[in-house]
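Working notes, structure below.
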Amino acid sequence: MAWHSMGKQRFALFFFASFAISAVMWAINLAKPIFGQVSFYWSLVTSLSMIAVLLGTWGHKLRANTRLSPYVFIGLFIIGFSGTFYFSAIDRHAGLMMSWYLYVDVISLLLSSWIIYRHRVKPRPAEIGAAVIHLIFAICLAVAASIALAQGRQFDPELIALYSIVNFTALPAAYVGMSVFVLYMLASDLAEDMKSLAMTDPLTLCLNRRGFFEQAQQQIYQYHQRNQHVCLIYWDIDKFKSINDNYGHSAGDTVLITTTRRVQRHIKRHDLIGRLGGEEFVILIARAEYRDAVNVAERLRVLLAKRPVKSGKVKIPVTASFGVVDIPPSSPELENAINLADKAVYLAKEQGRNQVVFSQA
């Protein structure tokens, strides 16, 4: 249900497989008496346990897009299965037989906790909760594994009883907690995606007017607090109506998309770009002084003018007029800066278009 309702993300399938295999594992535990050979039963149960935990970790890796090789998960499973099988079927060692696979699970859970927490600079509440519950789960398994290992080569009824209390009391609660927080994470991802869509221009994929105003005003205050120079670049594609009339609206969309991508490739990653509507765009930048912003606008103007936009078999010449406004700490209002920059663009068009005009806020 989570996979189907929350974007059909591949990592959600890994989470589903993880919990489904865990359910099978617990069902086999209940059906233990029907298994004749203890070694076969133990190898099956422990294998399912490791697969379930590793699939969950793999899911978190996919969600966070972490550069972690799949061979890490395969290697952990091979090590866990080989050790468990060896100490249960070949050279019986009660402590290692019962603890070996648990330590592999501990490593996987700690890895999951680290991946979840480090996914973004500021983790969301659901991610913090998920990271903590995975850490608690890892600690519970580590305690259970240490109790089992303390037996040594021979089974110790007292330690096995203590092991069972930890393993079969804490683990179901941990599984429930993990499932709840995984669902919370998926829900928060969906909410964030919906918020992003609401603030994104569907054609150019830059911020729309609402998204730009919401983020830009906040960044203006942050830049001023760091004593950075803040400027607004307002740019408008020249004679865009003629492009639509002469080449068609599809070609006009191509011009908007291509010019936006070219501009985005030639500004800094933290520079904010938005589409206010039609062929009008704005960029919020922080530089050492206003002349740097004028230089950025001039560079973008030349970039757009020297390369026509290809749409089908035709090449469409494109130019843009730019207005640059310095936003001082004494007048940080974004609306005022946009109005001044708009007037600067109007002046650039009056002077012949394909120009940069600077205005002081």
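The values are calculated or read from the model by the stated rules, or taken from the named source; none is laboratory data. Bear in mind the structure is a predicted one, so any value in this text is a computation, not a measurement. Neighbour counts run over all protein chains shown; Cβ positions are idealised from the backbone, glycine included. Heads up: the accessible areas ignore ligands, DNA and RNA and are worked out on the full protein's heavy atoms, side chains in. Shrake-Rupley method; radii C 1.70, N 1.55, O 1.52, S 1.80 Å.
Both radii come from the Cα set of the chain: Rg as radius of gyration, Rh as Kirkwood radius; their ratio Rg/Rh reads 1.20.
Candidate cross-link partners of Lys241 among the lysines, defined by an alpha-carbon separation under 29 Å and a same-chain spacing of 8 or more, comprise Lys306, Lys310, Lys313, Lys315, Lys343, Lys349. Rounded to the nearest 20, the Cβ-based charge dipole of the chain about its Cα centre (Lys and Arg +1, Asp and Glu -1) stands at 1120 debye. Per residue, the accessible area of the chain comes to 51 Å², computed with a 1.4 Å probe over protein heavy atoms only. When nucleic acids and ligands are ignored and a 1.4 Å probe is applied, Tyr184 ends up with an accessible area of around 130 Å².
Only protein heavy atoms count here; on that basis, with a 1.4 Å probe, Glu280 has an accessible area of about 60 Å². The spacing between segment 307-330 and segment 223-289, judged by their C-alpha centroids, is 7 Å. The magnitude of the dipole of segment 202-283, with charges of +1 and -1 set on the Cβ of Lys/Arg and Asp/Glu and taken from the Cα centre, is near 340 debye.
Of the trypsin sites (Lys or Arg not before Pro) found in segment 171-269, those that fall in a DSSP loop while having at most 11 other beta-carbon atoms within 10 Å are Arg226, Lys268, Arg269.
The dipole here belongs to segment 1-111: it is taken about the Cα centre, uses +1 on the Cβ of Lys and Arg and -1 on the Cβ of Asp and Glu, and is about 360 debye.
Classify segment 1-117: rounded, prolate or oblate, from the alpha-carbon gyration tensor (a ≥ b ≥ c, eigenvalue square roots; a/c under 1.5 rounded; otherwise prolate if a/b is larger than b/c)? Cα axes put segment 1-117 in the oblate bin. Only one residue of Ile316, Gly274, Gly252 has its Cα farthest out toward the positive end of the dipole of segment 247-361, where Lys and Arg carry +1 and Asp and Glu -1 on Cβ, and that residue is Ile316.
Between helix 38-64 and the chain there is an angle of about 10 degrees, using the helix long axis and the longest principal axis of the Cα atoms.
Across segment 129-171, the relative contact order, built from alpha-carbon pairs under 8 Å that are at least six residues apart, equals 48 percent. Based on alpha carbons, the Rg and Dmax found for segment 146-248 are 29.2, 87 Å.
For segment 20-68, the set of trypsin sites (Lys or Arg not before Pro) satisfying both a DSSP loop assignment and a count of at most 10 other C-beta atoms within 10 Å is given as Arg67.
The listed residues Trp58, Trp3 rank as Trp3, Trp58 when sorted by accessible area, largest first, using a 1.4 Å probe. Using a probe radius of 1.4 angstrom, the carbon and sulfur fraction of the accessible surface of the chain is 61%. Determine the distance separating the Cα centre of segment 1-22 from the Cα centre of segment 74-129; give it in Å without decimals. If you average the Cα positions of each part, the centres end up 20 Å apart. The residue among Ser18, Ile338, Ala173 whose Cα reaches farthest toward the positive pole of the charge dipole of the chain, with charges on the beta-carbon of Lys, Arg, Asp and Glu, is Ile338.
Each stretch of four or more DSSP H residues adds -39500 (n - 2.57); spread over every residue of the chain, this sum gives -22500 deg cm²/dmol at 222 nm. In straight-distance terms, cross-link reach from Lys195 covers every one of the lysines whose alpha-carbon lies under 26 Å from its own, apart from those fewer than eight places away in the same chain; here that gives Lys8, Lys61, Lys122, Lys268.
Compared with the dominant principal axis of the Cα atoms in the chain, helix 157-198 is inclined by about 20°. Among the protein heavy atoms, those of Leu186 account for about 10 Å² of accessible surface (1.4 Å probe, every chain in place). Volume per residue for segment 204-361 equals 99 cubic angstrom (convex hull of Cα atoms). Compute the long axis of helix 334-350 from its Cα atoms, compare it with the longest principal axis of the Cα atoms of the chain, and write down the angle in degrees, 0 to 90, nearest 10. Compared with the principal axis, the helix lies near 50 degrees.
Dividing the mean sequence gap of close Cα pairs (under 8 Å, 6+ apart) by how many residues segment 63-123 holds gives a relative contact order of 35 percent.
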